[in-house]
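Taking it in order: structure first as structure tokens, then the write-up.
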Amino acid sequence: MKISLFKSPELQFSATTFFAKQHKGETCGSNGLPLTPNSIIIFGKAQMLKTLKHPYLCEYLDIIRGKHERTIVVSQFCGKPASEFIGKNQLSISEVKKIAFQLFTALNELHKKRIVHRNLSCENILIQSNGDIKLFNYGSYYMTNNGQLVTFPIMKLAYSAPEVYLSPSKADIASSKVDVWSVGIILIEFIFNKQLWSNLKLGQQIRKILSFYQCGTSIFEKIAREHNCFDIYHNLPQDIKEIVEQCLQINPKNRPSCEEFLQNEMFVEYKNVKCKNPSRVCKPYQIFTLKELYQWWQLTGGDVFLELKKQGLIRSSPPVLSLPCLIMLDGTILGQGRNPATLYDFRIVHMGLDTLYQRFGHIHLNSCYPLLHFKSDIIDMFDPAPYDIKNLPLVIKEKDPEYQFHRIILFRRLLHGYPFTKDMIRKEAKKDIPPLLRGEIWAALLDIKADYKKAYAVIDKETVTTTDRQIEVDIPRCHQYNELLSSTEGHIKLRRILKAWVQKNTQYVYWQGLDSLTAPFLYLNFNDEAKAYHCLSAFVPKYVHKFFLRDNSAVIREYLAKFSQLIAFHDPELANHLHNINFYPELFAIPWFLTVFSHVFPLYKILHVWDNLLLGDSSFPLHVGLSVLTQLRTKLLTAGFNDCILLFSDLPEVDIEKSINYSIDTFKKTPKSITAREHQNEEFTIQSEHDISGVTLDDLNKERSPRISARDTTDLLRTAPESILVIDIRNPVQFSRCCVRGSINIPFSSVSFGESNIENIGQHAQMLKNSQERIVIIVGSTDTDLELFPKFLLNCGISKVCVLHGGFNILTSVTPTVLVSQKFET
Amino acid sequence: MANRSGAAQRPNGTQGKICQFKLVLLGESAVGKSSLVLRFVKGQFHEYQESTIGAAFLTQTVCLDDTTVKFEIWDTAGQERYHSLAPMYYRGAQAAIVVYDITNQDTFGRAKTWVKELQRQASPTIVIALAGNKQDLANKRMVEFEEAQTYADENGLLFMETSAKTALNVNDIFLAIAKKLPKYDQNQGQSGQGQGRRLAEGDQGAKTPGNCCK
């Protein structure tokens, strides 16, 4: 079966658009910062709607901001508006009851989430082919902050409760009871099969609704008489009549809530309707989520803007027409007619998925169910060849619909199996991470447990603390080019996460930069604050352990010293130059490492860096730092101190993919102990006597080349002896007595370190010059100086120089395998 | 880095003295230190200027009569916790601008502590200027001009209210500092006195005449 057969006639995307209210003139908030544009506030608030999933609700898919405060809302749209049925087919009473039940269920779901529809009408109730309903466009009132962020009223005249007209100033008080009234009107329309007050003018309609305040008797009865439907009213079963009467109580307090309505005897038969359904096999298209289809649709060229333009919802008018006649000094604008586009546009643009189906037409059904664990040759024979664009750049992979299709299917299956599939997720993440699932994949890579929500809920995020002022001034400066993070909702969430983190990690304090570190997690988990918090909480001990101590200077200094050593290890020329001009990492790299580049790069770059970081360890940022220096290498080598530091104050564009590949490369080529630190988290490293320990910060700052552990040295000797060059600098007598297999002897005393000339070391000079990719391990003993020799090699431009920690003696415990006696050998 | 400077360069390149000064900005976070520097050096203003971690470095050259003054500006992090880094930046500085936010009394208190620290720890000849920033928000003022002026007079500080947003007094405060700094020609192998340790010998090339004020 091919995917093109998956088409569901009921599955469609739609878009609506409106303008947010524009701030008048140049206005500042109380903090002196410009007011957040209303469209951004809406953008932030509407994110929550995307999480709603309910059989009787159309799913919200996307919120897009356009020019001039335009907001576009993309949502699922399936079935036909109920208004198209009214006046045509008379529904049976049981059908009306079912609709009533579904309406109450859907509204109850919204009301539980504190969303008031306010705009309920027969036009935005969609009837499916099976008779079920789906509410459409139910989030407008909510996302516009109870209608305050737009200039038009969010309501449908004939369906609005009378109190809506009475208290426009109290628009901010969102009462769910207005929706109950609307249900009453809708049910009447179904029962009478008639649109109410259809021939009345606007003003008359409002007067009619307000007149109900004077109506002493049943409003339902009054409406029935007015519409010549008293007979129907009279013969109506008591239970449904009762429901409508209760909906149309003039005092909102007397109207039951949706939840109370659902308790009604009458609805019992519908409640278990799901169980009655025969267990049916998932229809093929149901294996995808709407969000996935929407993303693929976009990747295959689906463009909401274009669709809106095509259908005339977005029109461009000459800018000259939008100029006002007069602008007062205080910013008041005069003589500009109201742009009709700023009124509410009821039109809905439907967007077909044809291009998607065409593009995916050839994909075999098997591809939707990739086998994760076992695959026999027979199955393999029938499987289509894997869609492979592995070697293309990341940006292309992320934009390739078919590739993303396969990746998402695979990852989603793996994520279903988390935590048992953890290793497989890690393995697949090494290839690349599909953007749509990045938040979940990161959480898996960070070992977030399933019960994370509760732990976050109980943390105090409100109590005023001394850190508040700092957090308060940092949040409005944190990645504000991003719509999510600059939205009011984004600020609130970031503040809560930071406060929770500070509250929970009493051993740490809030350092500026923690905000930036949190930003990527919040961005990816905007609708799941708890997960963002837990990702941060898991990230800190793993990658920036102790960086947020009140006194973190020892930790940071050690990290920076390691950075200098890593530069020397891989790029002696650059290291020497920077050393000579006194250009220390302290001057530019603190924000790099404290925030793991989250304060340095824009979000989209951070995501790619961290995609790889999460697969590495706490030394990975050092390699990213090195890769950044490497990219700027030519500039740095010719620049003096001032120019170097200026270069970093205003970091030039860095090719991030190149940088990442370079980081991975050096990360792999660098033995672990080269970047080992005293302050790294023991939880993630196993220490043995053959590892490095007890190196003080002073030592570290003196030594320009890194140390290597005995463990790494013996490992290399055993597994890849050709990749190393061991130089024994003890005296020849000691050397001949016992030495590392394959090592060469350059006695410390035989070399004059006066000038940086590699020839000074004598016969082995050529060998060292050609060492290139080999790791040069210097082995000495307690009575040899372990600083001068590596420094000399470094000055000579020899790369990959390191010193065996503990000297020759530490190797004696592993004698049989790596040590030989010269006498014995000859 | 482009040098934007109001003063004209003398014809035929016969410039007068060239002086180089290390200047440090100190003050509570979010008072506008980075914004002041950005306005002075690049003539720009960003509403959402991101916070400074560690420190940032920028240079700018101004011409004063017959002297070319090159500022090496260290813009420091404002958060109290970064305090331990501050000496690294103000050590050897010939000038400092201590910034506060006129809409926030606490930042003025913090500015006073900075002044005290500089008087105690920094070079005794350091020129200190006090900048009351965000003057554009004068209607939300919490620190009176007179109060700050009195304080500045008592402590021998230069004082101006500035606005990085409207550029009010931004160049002026730097120029006022330049005027007050003792000027001696640095072309002829200037001694290390007062210069930050960051000024390496390899950098001499940048100081030759004609290289400034492009």
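Note on A:ARG412: accessible area is roughly 50 Å² with a 1.4 Å probe, heavy atoms of protein only.
Qualifying GluC sites (Glu not before Pro) in region A:528-619, where qualification requires a DSSP coil assignment and no more than 11 other C-beta atoms within 10 Å, are lacking entirely. The string of couplings for region A:574-585 from the Karplus curve (6.51, -1.76, 1.60, θ = phi - 60°) is 5, 4, 4, 4, 4, 5, 5, 9, 6, 9, 8, x Hz, one whole number per residue in order, with x for Gly and Pro. How charged is the neighbourhood of A:SER218? Take every other residue with its Cβ under 13 Å from the Cβ of A:SER218, and add Lys/Arg as +1 and Asp/Glu as -1. Around A:SER218, the charge tally is -1. Database remark: amide H of A:ILE314 closer than 5 angstrom to the amide H of A:LYS309 (H placed geometrically; neighbours at sequence offset of 5 or more, or on other chains; Pro and chain starts carry no H). Taking amide H atoms as placed 1.01 Å from N in the peptide plane, the amide H of B:THR61 lies under 5 Å from those of B:ARG4, B:PHE71, each 5 or more residues away in sequence or on another chain. Accessible area per residue for chain A is 45 Å², calculated with a 1.4 Å probe on protein heavy atoms, without ligands, DNA or RNA.
Would the protein assembly as shown count as rounded, prolate or oblate if I go by the C-alpha gyration tensor, calling it rounded below 1.5 in a/c and otherwise prolate when a/b exceeds b/c, oblate otherwise? Since a/c reaches 1.5 but b/c is at least a/b, the shape of the protein assembly as shown is classed as oblate. Report, to the nearest 10°, how far helix A:238-247 tilts away from the longest principal axis of the Cα atoms in chain A, using its own Cα long axis and a range of 0 to 90°. Around 70 degrees separate the two axes. Taking the longest Cα principal axis of chain A as reference, the axis of helix A:603-613 is set at about 50 degrees. Once the Cα atoms are used to define both axes, helix A:656-669 deviates from the longest principal axis of chain A by about 40 degrees.
Dividing the helix sum by the residues of chain A, where each DSSP H run of 4 or more adds -39500 (n - 2.57), gives a mean residue ellipticity at 222 nm of -12000 deg cm²/dmol. Computed from backbone phi, the HN-Hα couplings of region A:147-160 come to x, 6, 9, 10, 8, 9, x, 9, 5, 10, 2, 5, 9, 7 Hz, rounded to whole numbers (Karplus: 6.51 cos²θ - 1.76 cosθ + 1.60, θ = phi - 60°; Gly and Pro given as x). Around the amide H of B:LEU130, modelled in the peptide plane, lie the amide H atoms of B:VAL98, B:LEU158, B:PHE159, B:MET160, all under 5 Å away and 5 or more residues distant in sequence or on another chain. For chain A, averaging the sequence separation of C-alpha pairs within contact (under 8 Å, six or more residues apart) and dividing by the residue count gives a relative contact order of 10 percent. Between chain B and chain A, roughly 3300 Å² of accessible surface gets buried, counting both sides and using a 1.4 Å probe. Each Lys or Arg adds one and each Asp or Glu takes one away; over the other residues whose Cβ falls under 10 Å from the Cβ of A:LYS542, this sums to -3. Need the C-alpha centroid separation for region A:672-737 versus region A:402-457, integer Å. Here the two parts' Cα centres lie 36 Å apart. With the full set of protein chains in place, find how many percent of the accessible area of region A:553-672 is carbon and sulfur; take the probe as 1.4 Å. Answer for region A:553-672 is 52 percent, counting heavy atoms of protein chains only. Using the Karplus relation 6.51 cos²θ - 1.76 cosθ + 1.60 with θ = phi - 60°, the per-residue 3J(HN,Hα) values for region B:102-110 come to 5, 8, 9, 4, 4, 5, 5, x, 5 Hz, with x marking Gly and Pro. Within the accessible surface of region A:368-454, defined with a 1.4 Å probe on protein heavy atoms only, the carbon and sulfur portion equals 60 percent. Relative to the Cα centre, the charge distribution of region A:634-741, modelled as +1 at Lys and Arg Cβ and -1 at Asp and Glu Cβ, gives a dipole magnitude of about 600 debye. For region B:27-101, GluC sites (Glu not before Pro) meeting the loop criterion (DSSP other than H, G, I, E, B) and having at most 16 other Cβ atoms within 10 Å: B:GLU47.
The values are calculated or read from the model by the stated rules, or taken from the named source; none is laboratory data. Predicted model, so just to flag it, every value in this text is computed and none were measured. A quick note on method: Cβ atoms are made from the backbone with ideal geometry, for glycine too, and the neighbour counts reach across all protein chains shown. Surface areas here come from the heavy atoms of the whole protein model, side chains and all, with no ligands, DNA or RNA. Shrake-Rupley method; radii C 1.70, N 1.55, O 1.52, S 1.80 Å.
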